[in-house]
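Report on the following structure.
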Amino acid sequence: MRNYAKAFPDVAACEDEGIVSDVEFEIGQAVFDPVDPFLPPVYAKLEPGATLPVVRGGQGLLMLPFGLRGKNFVITEDPNDWDNPMMPRVDMWVDIDGHNVGFGGHFARLNNYSVGFYPLDDGMGTLEHMYIAIIVPDAIADPQTLTSQPGKVHIELNTFGEPTAIQELEFVVAPEIQEY
């Protein structure tokens, strides 16, 4: 019933408060090599108040590249099995001061977004997803106005058989857009 608690919050049988969970996750960023865009990105934990770059991706779109690391939850054998009910999913929103032009009054918002985690070979059971691309909305006419602005990301990680784990983090958009 834990998986239905969010969908049916008014049904007492679906209540998940008080259920103890050891699910952990942290918010990070995908760090791209500014010289060689073909090198794979590497994960870096995003500390509160740290800078997060706007990156021009391989298809020419500007994005905020959020990475995730976690542990103590079920993942699918195939991280690309998007229809598997055991696939972790996130609900997330991003706000950037003066630029919240999207749905729900946010800069960007994702709902029920499948996240394919891979296990790391670190001996600690760490799982990694590299990365969730938050695309800069078309309504932002001049992306340079995003630079050096404070922002906030809110992520709800929904894992199979566990209550929702929530993280929120404030950041600052880097002073320059990362181009190639």
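The values are calculated or read from the model by the stated rules, or taken from the named source; none is laboratory data. No experiment lies behind these values; they were computed from the predicted model shown. Positions of Cβ are backbone-derived with ideal geometry, glycine not excepted, and every protein chain shown enters the neighbour counts.
Among ALA13, ALA30, which is outside any loop (DSSP other than H, G, I, E, B) and either at pLDDT 90 or above or within 16 Å of the chain's Cα centre (by Cα) (or both)?
Criteria check complete, one pass: ALA30.
Name every residue in the range 146-180 that is on the phi > 0 side of the Ramachandran plot and not polar (S, T, N, Q), in order of residue number.
GLY161
Might you check whether a residue that is crowded, with 16+ Cβ neighbours inside 10 Å, modelled with pLDDT of 95 or more and hydroxyl-bearing (Ser, Thr, Tyr) occurs anywhere in the range 154-161?
Yes, the range 154-161 has at least one match.
Select from the range 43-55 the residues that are without any contact (Cβ under 8 Å) to a residue 60 or more places away in the chain and in a strand (DSSP E or B) and list them in ascending order.
Listed by number, the residues that qualify are ALA44, LYS45.
Which pairs turn up if I take residues in the range 118-144 that are at negative phi and look for partners that are of a type in the set (S, T, N, Q) and modelled with pLDDT of 95 or more with beta carbon separation below 8 Å, at least 6 apart in sequence or on another chain?
Every condition considered, the pairs that remain are PRO119/THR126; LEU120/THR126; TYR131/GLN29.
For the range 64-116, which positions are among the hydrophobic types (A, V, I, L, M, F, W, C) and farther than 19 Å from TYR131 by Cβ?
Within the range 64-116, VAL74, MET86, VAL101, PHE103 qualify.
If you go through the range 152-169 one residue at a time, do you hit one that is farther than 23 Å from GLU47 by Cβ, hydroxyl-bearing (Ser, Thr, Tyr) and assigned to a strand (DSSP E or B)?
no
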